Amino acid sequence: MKLRTIAVVGAMAFVPAITPALASESTRPAVGDTTVFATLPYPGHPFGVAVDHSRIYISTSRGDFFASPATGGQLNSDGERVFAYDKAGHLVNTTYIATMPNADMGLFGLALDGNPTPTHNLYVADMNGRILRLALDRDAPAPQLFSQTPPPLSGLGWHASMWNDLVFDKAGNLFMTDDKPRLWKVTPDGQASIWFTDPRIAGIFGFAGGPLGGRIDPSGKYLYFTITISAAFPLEAVVYRLPLVDHPTAADLQVVHRFPVVPNQPLPQATGLAFSASGNIYVGLIGPNQVAVLDPAGNEIRRISSPLFDSPWGLAFIGESLLVTNADIQKPESPSRWTVLKVFVGETGLPLNRPKTSHD
């Protein structure tokens, strides 16, 4: 969720962000150098990003209540998309995802399984409480319903349960963030159940602002997740973690990092996160339009800024760079900002779990 704000000029040493046009191709980029990897066609508003062997997948959310809450948000009756790009940033495939008329929420999280090409799948979080599965062995895969929120929440849309991000564990379970506030576990056969809930992970608005981005750490023992605008720590953004046990308790919840409210500066508003192979944690902050870098202990060690950032939302590693989606959460829209950015960070990403899954 995004409150429109001005850009931050703070006390931290921010990293210059635009690669000089005349720089030698042989020169190693500086950390923070940012370029446009791809510009999305309509409906724009890139949210999720996943990096496969030869493709980059991007999900969209043009429908967005939070683009202008006072006027009912930005409504979309044209469906959402999953775009496939090659590693050079060229669009090679588009999958249409139908939505309800005047939808005010779209797609976000993406997760790839480890099946070989004939049965390779992409799992897509529909923020209206569904997980869709796309078979990647064809040019325009028809989306299949893999899972949805069970009764009494099923079919009630994002106001009842907002499935934001999703990530596989090694056993093939999907863990989902839901800002209502809940964390879900979806078994390999698509059965969804609430895995953890606690008032401390609620967003300031009750129905929004809670768990958003989620990833499993290098040890494979913890799920890390972001809180966009915390109620427990009013208006701050927070990164928490929970052990990956069958039934985590309230005592298991641990604060990793708090992004404080700074007077006269935008609220931090954490979104997606990604781990580097070293264990550093990259966190999108849509208030100041920055990416924060935390060390494995949760201490902030860097803040990356760029004038190209506009609601940095989804994060995924590609080589020693980070792909960052510009969600462009505002009304009126800015199609020139519907971009996926490539930010050099000088380290590689933690490989995500990609278990073998059933394609039945």
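The values are calculated or read from the model by the stated rules, or taken from the named source; none is laboratory data. The structure displayed is predicted, hence computed values, not measured ones. Virtual Cβ from ideal backbone geometry, glycine too; neighbours counted across all protein chains shown. We work out accessible area using only protein heavy atoms, side chains counted, and drop any ligands, DNA or RNA first. Shrake-Rupley method; radii C 1.70, N 1.55, O 1.52, S 1.80 Å.
Starting from the Kirkwood radius over alpha-carbon pairs of region 84-145, derive D by Stokes-Einstein at 20 °C in a medium of 1.002 mPa s and give it in µm² s⁻¹. Could the numbers behind the result be given before it?
Values: Rh = 12.7 Å.
Reported coefficient: 168 µm²/s.
Suppose the chain between Ile301 and Val255 were pulled fully straight at 0.36 nm per residue; how much longer would it get relative to their current alpha carbon spacing?
Numbers: separation 46, 0.36 × 46 = 16.56 nm, distance 1.71 nm.
Result for the pair: 14.9 nm of gain on full extension.
Work out from phi, with θ = phi - 60° and the Karplus expression 6.51 cos²θ - 1.76 cosθ + 1.60, the ³J(HN,Hα) of each residue of region 98-109, listed in order in whole Hz, and give x for Gly and Pro.
Once θ is set to phi - 60°, the couplings for region 98-109 become 5, 10, 5, x, 6, 5, 10, 7, x, 10, 9, x Hz.
If you take the beta carbon distance between His247 and Ser219 as r and set R0 to 30 Å, what does 1/(1 + (r/R0)^6) give as a FRET efficiency, to the nearest 0.05? Display every interim value, and only then the final one.
On the way: r = 20 Å, r/R0 = 0.65.
Efficiency, from the Cβ-Cβ distance: 0.95.
With r as the distance between the Cβ atoms of Leu75 and Thr348 and R0 = 51 Å, compute the FRET efficiency 1/(1 + (r/R0)^6) and round to 0.05. Could you put the intermediate results ahead of the total?
On the way: r = 40 Å, r/R0 = 0.79.
Efficiency, rounded to the nearest 0.05: 0.80.
Using the charge dipole of the chain (Lys, Arg: +1 at Cβ; Asp, Glu: -1 at Cβ; taken about the Cα centre), state which of Gly44, Trp195, Thr60 has its Cα farthest towards the positive end.
Trp195
Using a 1.4 angstrom probe, figure out how much accessible area region 52-189 has per residue, in square angstrom, rounded to the nearest whole. Please report the intermediate quantities before stating the final value.
Details: 5080 Å² over 138 residues.
Accessible area per residue: 37 Å².
How much area per residue is accessible in region 202-360 when the probe is 1.4 Å and only protein heavy atoms are counted (Å²)? Don't jump to the answer; show the numbers that get you there.
Working: 5560 Å² over 159 residues.
For region 202-360, the solvent-accessible area averages 35 Å² per residue.
Compute the distance from the alpha-carbon center of region 169-185 to that of region 216-282, in whole Å.
Taking the Cα centre of each part, region 169-185 and region 216-282 sit 14 Å apart.
Anyone know which of Arg28, Arg258, Arg302 comes out most mobile in the 10 Å Cα GNM of the chain?
Its mean-square fluctuation being the largest, the pick is Arg28.
For the ranges 56-63, 215-222, what's the packing order if you count other beta-carbon atoms within 10 Å of each residue, average per peptide, and put the highest first? Could you put the intermediate results ahead of the total?
Details: 56-63: 26.6, 215-222: 15.8.
Top to bottom by mean Cβ count within 10 Å: 56-63, 215-222.
Quick one: net charge of Val92's neighbours, Cβ under 11 Å, K/R +1, D/E -1? Could the numbers behind the result be given before it?
Values: positive: Arg55, Lys87; negative: Asp86, Asp139.
Once positives and negatives cancel, what remains is 0.
Assign unit charges at the C-beta atoms only (+1 for Lys and Arg, -1 for Asp and Glu), then state the dipole size of the chain relative to its Cα centre in Debye, rounded to the nearest 20. Display every interim value, and only then the final one.
Values: 26 positive and 30 negative charges, 52 e Å.
Computed charge dipole of the chain: roughly 240 debye.
Mind jotting down the distance between the C-alpha centroids of region 115-135 and region 289-360, whole Å?
Going from one Cα centre to the other spans 21 Å.
What is the chain's relative contact order, in percent, from Cα pairs under 8 angstrom and six or more apart in sequence? Please report the intermediate quantities before stating the final value.
Working: 1034 pairs, mean separation 64.9, N = 360.
Reported as a whole number, the value is 18 percent.
With a cut-off of 8 Å between alpha carbons and a minimum separation of six or more residues, what is the relative contact order of region 134-218 in percent? Before the final figure, lay out the partial values.
On the way: 152 pairs, mean separation 20.2, N = 85.
With pairs under 8 Å counted, the relative contact order is 24 percent.
So what J values fall out for region 279-295 if you push phi through Karplus, 6.51 cos²θ - 1.76 cosθ + 1.60 with θ = phi - 60°, rounded to Hz, Gly and Pro as x?
Going residue by residue, I get x, 5, 10, 9, 10, x, 10, 8, x, x, 6, 9, 10, 8, 10, 10, 7 Hz, with x marking Gly and Pro.
Quantify, in whole percent, the carbon and sulfur part of the accessible surface of region 205-360 (1.4 Å probe; protein heavy atoms only). Working shown, then result.
Numbers: 2950 of 5470 Å².
Its accessible area is 54 percent carbon and sulfur atoms.
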